[in-house]
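Supplied in structure tokens, the structure appears directly below.
FYI, it's all coordinate maths here, none of it is from the lab. All figures in this text were calculated on a predicted structure; none of them were measured in a lab. FYI the Cβ positions are ideal-geometry reconstructions off the backbone, even for glycines, and counts take in every protein chain you see.
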Amino acid sequence: MHYTITQPEVSDALELTKLHNQSWIETYPNEELGISQEYIVDRVSNRLSTKGIERRETAIKLSSENLTYFLRIARDESGSIVGFIDGNLKDDGYWLDGLYTLKSTYGTGLGKLLWESYLPWTNNNNVSLTVASYNTRAMAFYTKLGFTKKAGNERKFGDTPIPVIDMVRKSNKF
């Protein structure tokens, strides 16, 4: 499979939001922890509201105009958006805010391609991220990229029941 990584256009906002929602639905349900698919669907449904799409459009504009926010999308050979990566430069350094792909793309190298589009933007500085502590697939992927778990930081993601931890990738600058 061949993917193209590009800066999104404002006209991509709806499709990108649908991809983001679908990836949450595919990734975050965990019956053992009481996190149902219905809960996730309800949690993300507001992203498709007029206000939610406007927020996504604003993010797309910021990513092309602002040096502190990064956003790229991945398209498959048919032109459909199948993944994205976004991050911020905050007071405490670079944060990978999201790297999401459709489940159908797992194992195809898409995640690594998205990461490789992001890393130069960080000037190879330290990068932190937050990941669901039960998302072992993502944690293994990030570990392959050089991330390690920060000790003692498990908590809930915002006002959700999703347990998360932080990971950090130290710069390999000399």
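List the residues of region 101-115 whose backbone N lies under 14 Å from a point placed 7 Å from the Cα of GLN37 along the Cα-to-Cβ direction.
In region 101-115, the label zone of GLN37 (backbone N under 14 Å from the point 7 Å along Cα→Cβ) covers 103.
Work through the residues other than GLU15 whose Cβ is under 11 Å from its Cβ and net out their charges, Lys, Arg +1 and Asp, Glu -1.
Neighbour charge sum, excluding GLU15 itself: +1.
Under a GNM of the chain (C-alpha, springs under 10 Å), which listed residue has the highest mean-square fluctuation: GLY109, GLY87, GLY98?
Top of the fluctuation ranking is GLY109.
Let me ask something else about it. Would you list LEU71, LEU62 from fewest to most Cβ contacts within 10 Å?
So the residues, fewest neighbours to most, are LEU62, LEU71.
Are there any trypsin sites (Lys or Arg not before Pro) in region 95-174 that are in a DSSP loop and have at most 10 other Cβ atoms within 10 Å? List them by number.
Those that pass, being in a loop and sparsely packed, are LYS173.
Report the GluC sites (Glu not before Pro) located in region 40-125 that are in a DSSP loop and have at most 12 other Cβ atoms inside 10 Å of their Cβ, or state none.
GLU77
By the scheme Lys and Arg +1, Asp and Glu -1, what is the net charge of all other residues having a beta-carbon under 15 Å from that of GLY107?
Net charge in that neighbourhood comes out at +2.
Of THR160, PHE70, SER80, which is farthest on the positive side of the dipole of the chain, counting Cα position, with +1 on Lys and Arg Cβ, -1 on Asp and Glu Cβ, and the Cα centre as origin?
PHE70
On the Cα set of region 73-174, report Rg and Dmax in Å, please.
Both quantities, over Cα of region 73-174: 14.0, 44 Å.
Give the lysines reachable from LYS144 as a straight Cα distance under 20 Å; neighbours fewer than 8 places away on the same chain don't count.
Partners found: LYS103, LYS112, LYS170, LYS173.
Over the Cα atoms of the chain, what radius of gyration and what Dmax do you get, in Å?
15.8, 48
When the chain is treated as a GNM, springs tying every alpha-carbon pair under 10 Å, which of ASN88, ASN46, ASN126 comes out with the largest mean-square fluctuation?
ASN46
Same structure, new question: Grab the DSSP H runs of the chain that are 4 residues or longer, score each as -39,500 (n - 2.57), total them, divide by all residues and round the 222 nm result to the nearest 500 deg cm²/dmol.
Roughly -10000 deg cm²/dmol at 222 nm, from the helical runs in the chain.
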